Amino acid sequence: MTSEPEQQSGVGTQDAFQRLWTPHRMAYIQGENKPTGPGADDGCPFCAIPAKSDEDGLIIRRGEHVYTVLNLYPYTGGHLMTVPYRHVADYTDLTVEETAELAEFTKQAMTALRTASGAHGFNIGMNQGTVAGAGIAAHLHQHVVPRWGGDTNFMPVVGHTKVLPQLLADTRKMLAEAWPS
């Protein structure tokens, strides 16, 4: 990096902004790994992940009714999701057992994230339906996003870019080891 911003030319207006290119995000934007339809057999990644090894699927913990997996397109390091094995879209369609285990895994995820990374807080939630922002609306999943004081800086706010300090495989291993027994 130079000490003086370099004028950039090309498509668009010249400016003094330096750019951090993140072409890997284009896969998400263009819909890579998204189902072709609403059914479990329509390429649902949440149905396919449990058939993989924990390392290959980035699975942190498996339960009887749900599993916890790292998000391939995280908002922050350690961003994970708790997902029912059963292909179900709506929270109200979960069984009592699925609901209870989803809640317990969410609590355990918070404990593991605090232990492993010292998270100061969390954003926890699920987007129900495409219009509510669900990237994969046909298979329910609950996000657990760790947060730290000062973790929002100019990069995501101005640059629309996330800088993640750890590889997903390393994060998976760290959280699996910190998961409460």
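The values are calculated or read from the model by the stated rules, or taken from the named source; none is laboratory data. As the structure is a computational prediction, the values presented were derived from the model and not from experiment. Because the Cβ atoms are built from the backbone with ideal geometry, glycine has one as well, and the counts that use them run over all protein chains shown. For the accessible areas, the whole protein counts, side chains as well, though only heavy atoms, and no ligand, DNA or RNA atoms are used. Shrake-Rupley method; radii C 1.70, N 1.55, O 1.52, S 1.80 Å.
Remarks
- Protein heavy-atom accessible surface, 1.4 Å probe, per residue over the range 21-176: 54 Å².
- Here the Karplus curve 6.51 cos²θ - 1.76 cosθ + 1.60, taken at θ = phi - 60°, turns the phi angles of the range 146-151 into couplings of x, 9, 10, x, x, 6 Hz, with x standing for Gly and Pro.
- Sites residue 111 and residue 30, calculated FRET efficiency, Cβ-Cβ separation with R0 45 Å, nearest 0.05: 0.80
- In order along the range 169-177, phi translates into HN-Hα couplings of 4, 5, 5, 4, 4, 4, 6, 4, 6 Hz, rounded to whole numbers, per the Karplus curve 6.51 cos²θ - 1.76 cosθ + 1.60 with θ = phi - 60° and x for Gly and Pro.
- With the biggest extent put first, the Cα atoms of the range 86-126 measure 34, 17, 13 Å across the principal axes.
- For a straight C-alpha distance cut-off of 19 angstrom, the aspartates and glutamates reachable from residue 107 (same-chain residues fewer than eight places away being disregarded) are 64, 97, 98, 177.
- Long-range HN-HN contacts of residue 122 with modeled amide H, under 5 Å: 147
- The calculated FRET efficiency for the pair residue 42 and residue 170, based on their C-beta separation and a Förster distance of 22 Å, comes to about 0.10.
- P(r), alpha carbons of the range 21-176 - 10 Å bins starting at zero, rounded %: 10, 39, 38, 12, 0
- Extension gain (nm, one decimal) between residue 130 and residue 86, 0.36 nm per residue minus Cα-Cα: 13.9 nm
- Taking amide hydrogens as placed 1.01 Å from N in the peptide plane, the amide H of residue 67 sits under 5 Å from those of 83, 85, each at least 5 positions away in sequence or on another chain.
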